[in-house]
Each structure stands twice: as structure tokens, then as C-alpha cells.
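Single-structure report; data block below.
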Amino acid sequence: MKYFIHIAFLIFSFTHIDSFSQEKEIKGYRIDGDEVVFTFDKRDYTEATNENTKEKLEFKDFDIKNVVVAGNFNSWSRDSWKMTQITENIYELRKRLDEFKDDFNWEFKFVINSSIWAEPDENVSNITFAKDGDKNYYTYNLKLYNGYPSKNGNAKFFLKGYRNAKKVILAGSFNKWNEELFAMKKTNDGWELILQLKPNRYEYRFIIDGYWIEDPSNLNKTPNEYGAYNSVIDINKEVKFYLDGFFNAKKVILAGSFNNWSENSYVMQKAENGWIYTTRLPYGKHHYKFIVDGDWKTDPSNPVKEFDGHGNINSVKMVK
């Protein structure tokens with residue numbers, strides 16, 4: 001299922017980070033399918049700080065021997081999340097999304113040679129002041145959000161009209177309702193922005209010259225604390241269902257809460273070790289069963305099962 005106005009394209013790929021109408025770019029990471037890819041490019045930095053001496057250094061003044069990712073997700077460790085050098089200038093580290101909490105309330109920096117902190121500059125959109133309680137270090141950390149702008153992203157947001165507006169911002173649970181980060185691009189018909197988001201359910205609104213509105217083209221919405229509504233978007237993820245064995249079966253159907261327990265719509269394909277079906281599902285819990293030549297069966301390889309409230313026991317698939 002594809003959505004071209006306010007829902008997702010469901011394409012989990014990445015080429016590069018784009019700022020669209022924003023002058024500042026998001027730096028330091030991207031989301032690639034089920035992974036966060038931290039990326040350190042030394043050409044993005046001119047200044048660093050020696051943790052031991054507090055001396056400010058220029059990048060040309062030292063040799064880079066190793067780079068690690070340090071943040072509040074790993075207790076600011078100087079050595080646990082080591083990066084791999086990809087090119088002369090670029091280092092990467094991949095981490096699965098399920099290693100992070102859902103709220104993505106994270107800050108991080110790159111540490112060089114175990115003691116030199118790379119200092120991002122003001123031309124990066126995902127910076128935040130480095131603080132420890134009330135103490136301000138007068139430097140910046142990088143911020144990790146659920147989403148970021150990308151031409152090949154999986155969620156396209158579009159607001160029709162408002163051609164006379166000076167600025168339109170997309171704010172939502174994917175960026176902590178930031179009122180500046182995601183500036184939308186003016187088009188012939190309105191305003192648009194494409195994001196790459198991890199699979200989840202998100203709420204969002206548009207800010208038109210400071211005035212907040214829900215998405216008028218999206219009927220999926222939920223009440224908010226201000227007596228208005230937030231629009232809702234579900235980002236789906238590719239999920240594979242397997243049924244081992246049953247080689248003599250003539251027909252196997254996948255039925256579940258995601259297809260209204262249809263007995264004919266999801267016909268599984270015979271594979272080398274059994275049967276397989278691939279679909280896309282939204283974030284959350286899904287109940288399912290297999291129908292083998294008319295006989296309903298729970299998934300024998302999945303120990304997670306639940307009652308459905310009607311006396312039936314179903315297998316459970318969690319999409320994260």
C-alpha cells in the first residue's frame with residue numbers, strides 16, 4: 001500500500017542526506033533499514049578539544065588513529081563503540097535500531113584517539129548545547145532523531161496550498177516536536193518534505209508561519225492535550241513469515257489481524273524448507289495463524305502465543 005500525500009512510500013534505502021530548503025544539514029548518522037549508521041567524515045570538522053588538557057586543536061594538528069562513537073546511549077564510553085575506516089576521510093559504525101529506546105532522546109559525539117572530541121559547528125541542524133545538569137560546556141553535541149530528510153526516504157509529507165506562507169515546518173513525535181528542524185520546501189502546489197523514518201507510529205502537525213494545524217489531507221488523527229488533533233502516520237516494515245515442513249500440503253494461507261483473518265488473500269509460496277510469505281506491517285503486535293489445506297495452525301516455530309479474547313490461541317509477531 002503506497003501513500004503519496006501524508007503516508008509512507010515504504011522504501012528502506014539511503015543515498016545521502018539532503019537539506020531541501022534547510023540551509024543546515026543533519027550530520028553524524030543516517031537510518032538504513034533496521035540500523036543506525038553513524039558516519040564520521042573528518043572533512044566536516046575543523047576543531048576538536050583535548051579532553052585531558054582542554055586545549056582546542058585544529059584537525060591538521062594531529063593524526064587520526066581511531067574514532068569511536070560516544071553518547072548517552074553508551075555512557076559516553078571512549079572505547080566501546082569503535083568505528084571502521086571506510087575511506088581516507090570517512091569512518092562508519094552500524095548499530096541495530098532495537099539497541100536504542102523508542103524515544104530516541106540521544107546525544108553523541110565522535111572521539112578521536114580515545115581523548116580528542118570532535119566539535120561540530122553551527123552549520124549542522126542536529127546540534128544541541130553540551131550540558132551536564134545546569135553546567136554548560138559551551139560546545140555542541142550531535143542529536144539523534146527518529147528521522148531525517150532524504151530524497152529517497154520512506155515518508156512523504158505534503159501540505160497543499162498556503163503559497164503565501166513564508167515558512168512551513170513539519171513537527172512531530174519523530175523529532176520531539178522541534179519547531180525549526182524540518183523546514184518544508186515550497187512547490188508549485190504547496191509544501192513538501194520527505195523523511196527517512198524507522199518503522200513506528202508517529203504523530204505530527206504543520207506549523208505555518210507559527211500557526212499549528214493538523215494535516216487536512218490525512219483522516220487518520222488523534223486528540224491532543226490542547227483540545228485539537230494530531231495527524232497520525234504508520235511506517236510499515238517488511239516482514240517474512242515462515243512455516244517449516246508440510247511439504248505435501250496443497251495450499252497454505254497466512255491469516256492474521258493484519259488482513260482481517262482472510263482465508264484466501266495471503267497465499268504462501270512453497271520454498272526449499274517449507275512455505276513463505278512476505279508482507280509489510282506497521283509497528284506493534286500482530287496475531288496470526290497458518291491455514292494448511294483448511295486446517296488452522298499456530299506457528300510451530302514461534303513460542304510466543306496469546307489468547308484473542310474469543311477463546312482462540314494465536315501466534316504473535318512483534319514489529320519493532
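The values are calculated or read from the model by the stated rules, or taken from the named source; none is laboratory data. Keep in mind it's a predicted model, so treat the numbers as computed, not measured. Neighbour counts are summed over all protein chains in view; Cβ atoms, including those assigned to glycine, are modelled from backbone coordinates with ideal geometry.
It is to be established whether one or more residues within region 294-315 are in contact with a Pro (Cβ under 8 Å, 6 or more places away or on another chain), closer than 30 Å to Asn154 by Cα, in a strand (DSSP E or B) and polar (S, T, N, Q).
no
Report yes if Tyr162 is surrounded by fewer than 21 Cβ atoms within 10 Å (Cβ to Cβ), modelled with pLDDT of 85 or more and aromatic (Phe, Trp, Tyr), otherwise no.
yes
Does Phe307 count as in the same structural domain as Asn260 (by TED's automatic domain parsing) and either more than 28 Å from Lys250 (Cα to Cα) or within 25 Å of the chain's Cα centre (by Cα) (or both)?
It is true that Phe307 is in the same structural domain as Asn260 (by TED's automatic domain parsing) and either more than 28 Å from Lys250 (Cα to Cα) or within 25 Å of the chain's Cα centre (by Cα) (or both).
Just name the residue that is farthest from Trp106 (Cα to Cα) out of those in region 147-167 that are in a strand (DSSP E or B) and not aliphatic (A, V, I, L, M).
For region 147-167, the residue satisfying everything is Lys160.
Looking only at strands (runs of 3 or more DSSP E) that lie completely in region 38-130, which have at least 3 residues being within 23 Å of the chain's Cα centre (by Cα) and either surrounded by 12 or more Cβ atoms within 10 Å (Cβ to Cβ) or of a type in the set (Asp, Glu) (or both)?
67-71, 90-96, 106-112
Residue by residue through region 275-285, note down the ones that are modelled with pLDDT of 90 or more and surrounded by fewer than 18 Cβ atoms within 10 Å (Cβ to Cβ).
The answer is Ile276, Thr278, Thr279.
In region 180-191, which residues are of a type in the set (D, E, K, R) and modelled with pLDDT of 90 or more?
Lys185, Lys186, Asp189 - these are the residues of region 180-191 that are of a type in the set (D, E, K, R) and modelled with pLDDT of 90 or more.
Please work out which one of (1) at pLDDT below 90; (2) hydrophobic (A, V, I, L, M, F, W, C); (3) assigned to a loop (DSSP other than H, G, I, E, B) is the condition Phe174 fails and give its number.
(3)
Of the residues that make up region 246-257, is at least one surrounded by 17 or more Cβ atoms within 10 Å (Cβ to Cβ), more than 30 Å from Phe158 (Cβ to Cβ), touching a His at 6+ places or on another chain (Cβ under 7 Å) and in contact (Cβ under 8 Å) with a residue 12 or more places away in the chain?
For region 246-257, residues surrounded by 17 or more Cβ atoms within 10 Å (Cβ to Cβ), more than 30 Å from Phe158 (Cβ to Cβ), touching a His at 6+ places or on another chain (Cβ under 7 Å) and in contact (Cβ under 8 Å) with a residue 12 or more places away in the chain: present.
Within region 218-235, identify whether any single residue is under 30 Å from Thr298 (Cβ atoms), surrounded by fewer than 22 Cβ atoms within 10 Å (Cβ to Cβ) and touching a residue at least 40 places away in the same chain (Cβ under 8 Å), and answer yes or no.
Looking for residues that are under 30 Å from Thr298 (Cβ atoms), surrounded by fewer than 22 Cβ atoms within 10 Å (Cβ to Cβ) and touching a residue at least 40 places away in the same chain (Cβ under 8 Å), one finds at least one in region 218-235, hence yes.
If a residue has to be more than 11 Å from Tyr202 (Cα to Cα) and among the hydroxyl-bearing types (Ser, Thr, Tyr) to count, how many in region 159-179 make the cut?
The qualifying residues number 1.
Can you tell me which residue within region 192-216, out of those that are within 13 Å of Lys156 (Cα to Cα) and in contact with a Lys or Arg (Cβ under 9 Å, 6 or more places away or on another chain), is modelled with the lowest pLDDT?
By that ranking, first place goes to Gln196.
Would you be able to say whether some residue in region 210-226 is under 30 Å from the mean Cα position of the chain (by Cα), of a type in the set (Val, Ile, Thr) and within 30 Å of Asn164 (Cβ to Cβ)?
yes
Does region 27-36 include one or more residues that are modelled with pLDDT of 85 or more and touching a Gly at 6+ places or on another chain (Cβ under 8 Å)?
No, every residue in region 27-36 fails to be modelled with pLDDT of 85 or more and touching a Gly at 6+ places or on another chain (Cβ under 8 Å).
Any idea which of (1) in contact with a strand residue (DSSP E or B) (Cβ under 9 Å, 6 or more places away or on another chain); (2) closer than 30 Å to Arg96 by Cβ is the one Val292 doesn't satisfy?
(2)
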